[in-house]
Amino acid sequence: MRRRRSTPARQVRVNPGVAGADPVPVTIVCDAPTRPDPGGPADPDAATVALVDVHHRFGQKVALAGCSFTARRGAITVLLGPNGAGKTTAIRVITGALTPTSGQVRVFGLDPSIDGESVRLRCGVVSAKPALYDRLSGRDNLRYSAALYGLDPDRAPIDEAAERFGIQHALGQQVGGYSTGMKTRLALARAVLHAPDLLLLDEPTSGLDPESSAAVLTLIREQAAAGISVVLCTHLLLEAEGLADEAVVMENGASLLAGAPAELTRRYWPRAIARFSTAEPDHAGVLADREGVTSYRRLADGRAEVELDDLGRVPELVRALVDAGAKVTAVEPFAPTLEDLYFAIRGLQRGTMTAVPA
Amino acid sequence: MTAVAAPRRRGRLDWDRVATIARTDLRQLVQNRDFWLPMVALGAIFFVVIPAMLLVSITKLGNIHAVNQISQALDALPARAKAQILGTTSTGRTSYALAVYLFAPVAIVVPLTIATAVGASTIVGERERGTGEFLAHSPASVGEIYLGKLIASLLPGYVTTVVGFGLYSLIVNVTVGPEVGGWFFPTREWWILIAWVVPPFLALTLSLVLRLSARVKSTAAAQQAAGLVSLPLIIIAYTQSTGALFGAANAGWYIGAGAWVIALFGLRRGMAAMSRNRLLGVADES
């Protein structure tokens, strides 16, 4: 099956009222109007997953506080946030394992708190802990899952699923003797055994060495490429960077921002940015008044960062620096990453970042 | 793509899933030698070792001092119980009383202990191992999960009852039978007890234990709580040993029937109290 891609609804959203945090009025200035509830699609039933203003409490503890996002079919949606941001609770709400205190949840157009079995039959979940039965063999773990999902354990594609994740050689061993990487691979094989339409992965690379981690991420990409919708929780920005078709930045149970990473960064930094290094940092000051430079600032490491109306102006800026007697040692265009965006948004949320690119 | 079963009508139980959960729990139990070896040892002590040693000592070795002491103790039994004691000799009557009124009621605690130990660890154990998350996200309903775990806890207890009393019958009939005119155990009352009274008591106790194990935070706490739940049946077993409880001809049938009613009520309540929150370990926070 080919991966289905549709034009995503571009969303920029900031939730100023995050429970448990000091309310900091936040505005993201961008070239598109900020929508009051951009996390929710026009038609919630059109997306594989749609959470609209979902709240959940455990007694006095707030787990979700206005969480809204959508996950498209065949796309990888990454929930980004620190520990306690509400990512795991969001996953639990999606499968109907938890019923939210308020808000709307739709998965395949169904309400998981009502049609839980229908939803869960189409979901594959890998929890933060692999949640495997250590005393059973890998094969028996998969057979158990197959039977619970209504498959005949004798006919279920156990060997195929295990082979896809490179764990077929260990199917006969007790899972208690597996390494962390092997457990994650088996948990992934178990999650896809019943050919789900939605994969929910809660920090699947947690505790893995870089090599195993990269292998798992590749396997996840392959699942999405096969048309499976993926919702992945992580606090690892680098992991999210190369993986996310859509990113949802979460903090204190609220979704601060949701959308495609490239689009989000483009909206947050709508103009071209270049960074100049000079032998004498003071010389870079001449850039501030040049034509086409819309903003200028000195970074902590001494470099000058300028926003330009066009990246093509860089040669003339270099010339201006040279004319001013500066020895230019490096010029680099700045391509903001998801990590930059994440820290910018969280900086705004905490009030530690005051300047917003115009 | 693999075809996944269509969802069933809401509220209907999928017995295949119940059986799958029970079978998997039992398979894990069999794999866990650290768990079942002590249980087998416990059963062997109560059903085989102690009865065999004492009854052989009395009947074959002629331990007169022990016979006299126990004979005096038999006077404390209710008249109806004393009338049922078989045998013409002091040794035979003493051995019969020990076999029917003392060792057997004490041994009945063993299946209860095994069932409660399995039951206590079943849900809280899933939470501790993190596998509760898997079940909570699975399509199995909480009712199916509850019943699967109940069956997985009930079966070891009842198998212990049948196998344990089978061995016990063999031992007491071989050692005491010749003294009282032939094989005598299980007596009519003990047949009723094993087949009709023990199963609902196991189910009732387990319904409470499963509720407790879903509420407490560790397996150890669940087992301690289970110990408290077991006390009433231990008391019943000792009462039986005096002959007071089953003295009336049909008392066993009535007690069993009452126990079944209470057990079914308890199971219904237990199933209603079960939730995915408990499997996830977040119930205490809500």
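Taking the residues in region A:111-129 that are part of a helix (DSSP H, G or I) and either at the interface with chain B (Cβ under 7 Å from one of its Cβ atoms) or in contact with a strand residue (DSSP E or B) (Cβ under 7 Å, 6 or more places away or on another chain) (or both) as candidates, determine which candidate is nearest to A:LEU201 (Cα to Cα). Out of the qualifying residues, it is A:ARG120. Collect the residues in region A:299-308 that are loosely packed, with under 14 Cβ neighbours inside 10 Å and either touching a strand residue (DSSP E or B) at 6+ places or on another chain (Cβ under 6 Å) or of a type in the set (Val, Ile, Thr) (or both), keeping them in residue-number order. Within region A:299-308, A:LEU299 is the sole residue that qualifies.
Residues in region B:138-146: is at least one small (Gly, Ala, Ser) and closer than 25 Å to B:PHE47 by Cα? For region B:138-146, residues small (Gly, Ala, Ser) and closer than 25 Å to B:PHE47 by Cα: absent.
Of the conditions (1) within 14 Å of another protein chain (Cβ to nearest Cβ); (2) in contact with a Lys or Arg (Cβ under 7 Å, 6 or more places away or on another chain), B:GLY87 satisfies every one except a single condition; which number is it? B:GLY87 satisfies every listed condition except (1).
Check whether at least one residue in region A:63-83 is within 12 Å of chain B (Cβ to nearest Cβ), in contact with a Ser or Thr (Cβ under 7 Å, 6 or more places away or on another chain), within 30 Å of A:GLY172 (Cα to Cα) and buried (at least 24 other Cβ atoms within 10 Å of the Cβ), and report yes or no. So far as region A:63-83 goes, no, none of its residues is within 12 Å of chain B (Cβ to nearest Cβ), in contact with a Ser or Thr (Cβ under 7 Å, 6 or more places away or on another chain), within 30 Å of A:GLY172 (Cα to Cα) and buried (at least 24 other Cβ atoms within 10 Å of the Cβ).
Out of curiosity, is A:SER212 of a type in the set (S, T, N, Q) and part of a helix (DSSP H, G or I)? Show your work before the answer.
Values: of a type in the set (S, T, N, Q): yes; part of a helix (DSSP H, G or I): yes.
Considered against the rule, which asks whether it is of a type in the set (S, T, N, Q) and part of a helix (DSSP H, G or I), A:SER212 comes out as yes.
Checked against the criterion of being at the interface with chain B (Cβ under 9 Å from one of its Cβ atoms) and within 19 Å of the chain's Cα centre (by Cα), region A:92-99 contains one or more residues that satisfy it. Identify the single condition in (1) crowded, with 22+ Cβ neighbours inside 10 Å; (2) of a type outside the set (Ser, Thr, Tyr); (3) in contact (Cβ under 8 Å) with a residue 40 or more places away in the chain that B:ALA97 does not satisfy, given that it satisfies every other one. Among (1) crowded, with 22+ Cβ neighbours inside 10 Å; (2) of a type outside the set (Ser, Thr, Tyr); (3) in contact (Cβ under 8 Å) with a residue 40 or more places away in the chain, B:ALA97 violates only (3). Look at region B:5-20: where a residue is within 8 Å of chain A (Cβ to nearest Cβ) and a partner is at pLDDT 90 or above and not in a helix (DSSP H, G or I), sitting 6+ places away or on another chain with Cβ atoms under 7 Å, you get B:ALA5/A:GLY150; B:ARG8/B:ASP14; B:ARG17/B:ALA140. Screening the candidates A:ALA147, A:ALA161 for the property of being at pLDDT 95 or above, of a type in the set (A, V, I, L, M, F, W, C) and either within 30 Å of B:ALA19 (Cα to Cα) or in a loop (DSSP other than H, G, I, E, B) (or both) yields one hit, A:ALA147.
How many residues are touching a Pro at 6+ places or on another chain (Cβ under 7 Å) and free of Cβ contacts under 8 Å to residues at least 60 places away in the same chain when one looks only at region A:116-156?
Our first condition is that a residue be touching a Pro at 6+ places or on another chain (Cβ under 7 Å); within region A:116-156, this holds for A:117-124, A:126, A:143, A:146-149.
Applying the additional criterion that residues be free of Cβ contacts under 8 Å to residues at least 60 places away in the same chain yields A:117-120, A:143, A:146-149.
Total meeting the criteria: 9.
Considering region A:47-109, the qualifying strands (runs of 3 or more DSSP E), each wholly inside and each with 3 or more residues that are more than 20 Å from A:GLY124 (Cα to Cα), run over A:49-58, A:61-71, A:102-107.
Scanning region A:164-185 for residues that are in contact with a strand residue (DSSP E or B) (Cβ under 8 Å, 6 or more places away or on another chain), in a helix (DSSP H, G or I) and not hydrophobic (A, V, I, L, M, F, W, C) gives a single hit, A:THR184.
Please state which one of A:LEU142, A:LEU201, A:LEU132 is within 13 Å of another protein chain (Cβ to nearest Cβ), part of a loop (DSSP other than H, G, I, E, B) and buried (at least 20 other Cβ atoms within 10 Å of the Cβ). On inspection, the qualifying residue turns out to be A:LEU132. Among the residues of region B:169-203, the one identified as at pLDDT below 90, of a type in the set (A, V, I, L, M) and over 25 Å from the mean Cα position of the chain (by Cα) is B:VAL180.
The values are calculated or read from the model by the stated rules, or taken from the named source; none is laboratory data. Being a predicted model, the structure only gives us computed values, none of them experimental. As a convention, Cβ positions derive from the backbone with ideal geometry for all residues, glycine included, and neighbour counts pool all protein chains shown.
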